[in-house]
Structures are given as structure tokens and as C-alpha cells.
1. Taking the conditions exactly as written (over 21 Å from Leu78 (Cβ atoms), open to solvent by 10 Å² or more (accessible area, probe 1.4 Å) and not basic (Lys, Arg)), does Asp159 satisfy them or not?
2. Taking the conditions exactly as written (modelled with pLDDT of 90 or more and not basic (Lys, Arg)), does Glu33 satisfy them or not?
3. Could you list all residues from the stretch 125-157 that are farther than 17 Å from Asp109 by Cβ and part of a loop (DSSP other than H, G, I, E, B)?
4. Can you pull out every residue in the stretch 178-200 that is open to solvent by less than 30 Å² (accessible area, probe 1.4 Å) and either among the aliphatic types (A, V, I, L, M) or under 23 Å from Gly88 (Cβ atoms) (or both)?
5. I need the full set of residues from the stretch 164-217 which are of a type outside the set (Gly, Ala, Ser), in contact with a His (Cβ under 9 Å, 6 or more places away or on another chain) and part of a loop (DSSP other than H, G, I, E, B), in order please.
6. All but one of (1) without any contact (Cβ under 8 Å) to a residue 60 or more places away in the chain; (2) part of a helix (DSSP H, G or I); (3) open to solvent by 10 Å² or more (accessible area, probe 1.4 Å) hold for Pro122, so report the exception by its number.
7. Looking only at residues in the stretch 254-279 that are modelled with pLDDT under 95 and of a type in the set (Ser, Thr, Tyr), which one is most open to solvent (accessible area, probe 1.4 Å)?
8. Quickly run through the stretch 48-80 and pick out the residues that are touching a Pro at 6+ places or on another chain (Cβ under 6 Å) and within 19 Å of Ser239 (Cα to Cα).
Amino acid sequence: MNASAPTSADTLRRTLGGLLDGLPPKQAAAAVERLIASYRGQTPTDAPVLRDRSDVAAYAAYRMPATFEAVRSALDGLAEASPDWAPGSHVDVGGGTGAATWAVDATWDGPRETTVLDWAEPALALGRELAAASASEVLRGAAWQRAVIGSGLSLPEADLVTVSYVLGELTVPARKAVVAEAARAGQAVVLIEPGTPEGYLRIREARDQLIEAGLRIAAPCPHDGTCPIEVGKDWCHFSARVSRSSLHRQVKGGSLPYEDEKFSYVAATRFPTEPAASRITRKPQIRKGLVLLELCGPEGGGLTRVNVTKRHGDLYKAARDADWGQAWPPAP
């Protein structure tokens, strides 16, 4: 994995910080609020939501850090399951200004070839501008191409295909077509959606579709079997911590220097991986002399709760340091 990940994240934040120069703060906040309402709408769209540079700049400054951290967390799951693998080529479907591409670059040394596809030319233009400010040769050399994301999408074959925060914008037929094409083109496919019940259901459906297409699940699930979560009672999601910008604080209010981005994801591959034995599916609950872990285990094992106490020695110490979303037990 790429040890320069913090540098990539910091560079992205610094570059985003200059996007809103000359744009009045109230105008930027209003643009973000309107765009959030559009993205949270219940009616899928067949046209790009981002219309011009001011839209793109405001939304990128607000959303790119959160998307970056969520995608990087999902990619970490894939990297942990396949520690000797790294993508030589990457296609980012609906990549907009390139948050997922930055996350891929932060996770691995490479890939040599990166292509970002999106239907909004203003987003692609800004993505090129941001990448040009990066120290990464991979980002500076990325191809930014306009494409209609939906039925009829044709992707070049690639080691890695990412689709982040896109499926919820599509109609059901278009969503299925995009997942099918990603499964056909990619040796590894990583799909990320918001960590809401609806986002989880989209990931769950896409997971089934990837398995039917012949891919195997690498993360977060420990198996390729049916998800043990009962629909309507719970949903699988994880959390990534994001430093809040001044625009975040202006739009959302509050004074905390960070917020937690909730996301659902699935990573699947056509090559062998080593999925986690179990996955921590909730924030560990730490009590005096006790850590309660909620786990998704091997196929047939379902969801379980495990109490780790001081009697477990080093495992207890590991449990106290464990994070939501990590594999369990930790690697020796």
C-alpha cells in the first residue's frame, strides 16, 4: 500500500481550499444546499446534476474530502484481502472531479493508466485542474472523458473499476447495466454508496449481481453467501472520519473540526483473495474490562456478538484498539 496516503489527502484538501476564491460564501453555501437536495431526491435522473463551474467548485469543496475518505476506506478492504496485488489500470465510472482516482492513487503505487468517465464536462474540467496541481504523475496523466453513465455504457478492460456515489442517481435498468459492465470490464470492482438503508440495498443488489457474473467477494463480507442482515431491520454500513472545511461548517453548522462519513460498499474480484475471517460491523463498545464486538462471520455463521475480556490477553488489547469496519481477529 502507498505510504504517501496522508500527503495525497493533504494535497487534495489544500487544492480544494482554493476553489472558492471569488465565489461569495453565501452563494457557495446555497449551491451546496441545492445540490444536496438534488442528490437526495427520490427520482433518479438521466441528466447530470452539476451544471457549471460554480456548481462543481462548491460541491467538490464540500463533498470531495468525504468521498475520498469513504472510497479509500473501501479500497483498504480490498488491499487487505489482496496484499500482493496492485492495479496497473483503473477506470472510475461517474468519477466527476476525481475523488475516487485520488483515493486509488493514495492506496497503491500506481496504477499506470487511469481513466475518469463522467457525463458532466464541468466536473471533468475541474478534475483535470485538480489533478494538474497534484505531485502524482498518475493523477497528472489521467484521462478525463465524457460518457453517458447508464445503459449502453462501454468500458475498457481494466484491473480496477470503481463506481462511487453513482448508482443512486440512476434508474434501475441503468444501474443494472452499469454494474454488469463494470463486472465484465474489471478484474476487481469496488462499488460505494451512501451509508443509508437505501444505499445499502443498492450495494446488496449489486453484490448479488457481481456474484452472478462470476466475481468473488473480497470485502467487506467474509463470504459469498446471502447477506445475513434482515432487510428493513438493519443495514450494513461503515464510517470514515473527515476533516471539516469552513464550507462544511457554514452549511451544516456546528463547531467540531471533523465529521463521520457513513458509507456502504462491496469489493469483488476475478482473482483469489483472502477475505476477513469476520468483520466488525458496528463501533466497538468499550466497558470496564470488556469490549463488545458485533461481527459478520463466515457463511452460515451470521451476525454474532463477541465479548472480549482481559482474560483474552493480547486479543483484549487489540479489541480496545479495534475500529468499526476492521477485520477480526487482527492479523498476527
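1. Working: over 21 Å from Leu78 (Cβ atoms): no; open to solvent by 10 Å² or more (accessible area, probe 1.4 Å): yes; not basic (Lys, Arg): yes.
No.
2. Working: modelled with pLDDT of 90 or more: no; not basic (Lys, Arg): yes.
It is false that Glu33 is modelled with pLDDT of 90 or more and not basic (Lys, Arg).
3. Answer for the stretch 125-157, where residues must be farther than 17 Å from Asp109 by Cβ and part of a loop (DSSP other than H, G, I, E, B): Ala133, Ala147, Val148, Ile149, Gly150, Ser151, Gly152, Leu153, Ser154, Leu155, Pro156, Glu157.
4. If we filter the stretch 178-200 for residues that are open to solvent by less than 30 Å² (accessible area, probe 1.4 Å), which is where we start, we get 178-179, 181-183, 185-186, 188-193, 195, 199-200.
Correct list: Val178, Val179, Glu181, Ala182, Ala183, Ala185, Gly186, Ala188, Val189, Val190, Leu191, Ile192.
5. Hit for the stretch 164-217 is Thr196, nothing else.
6. Here Pro122 clears every test but (1).
7. Only one residue tops the list, namely Ser255.
8. Scanning the stretch 48-80 gives a single hit, Gly77.
The values are calculated or read from the model by the stated rules, or taken from the named source; none is laboratory data. What you see is a predicted model, and the numbers here were worked out from it, not measured in a lab. Ideal geometry is used to build each Cβ from the backbone, glycine not excepted, and the neighbour counts take in all protein chains shown. Just so you know, the surface numbers come from the protein's heavy atoms only, side chains and all, with ligands and any DNA or RNA stripped out. Shrake-Rupley method; radii C 1.70, N 1.55, O 1.52, S 1.80 Å.
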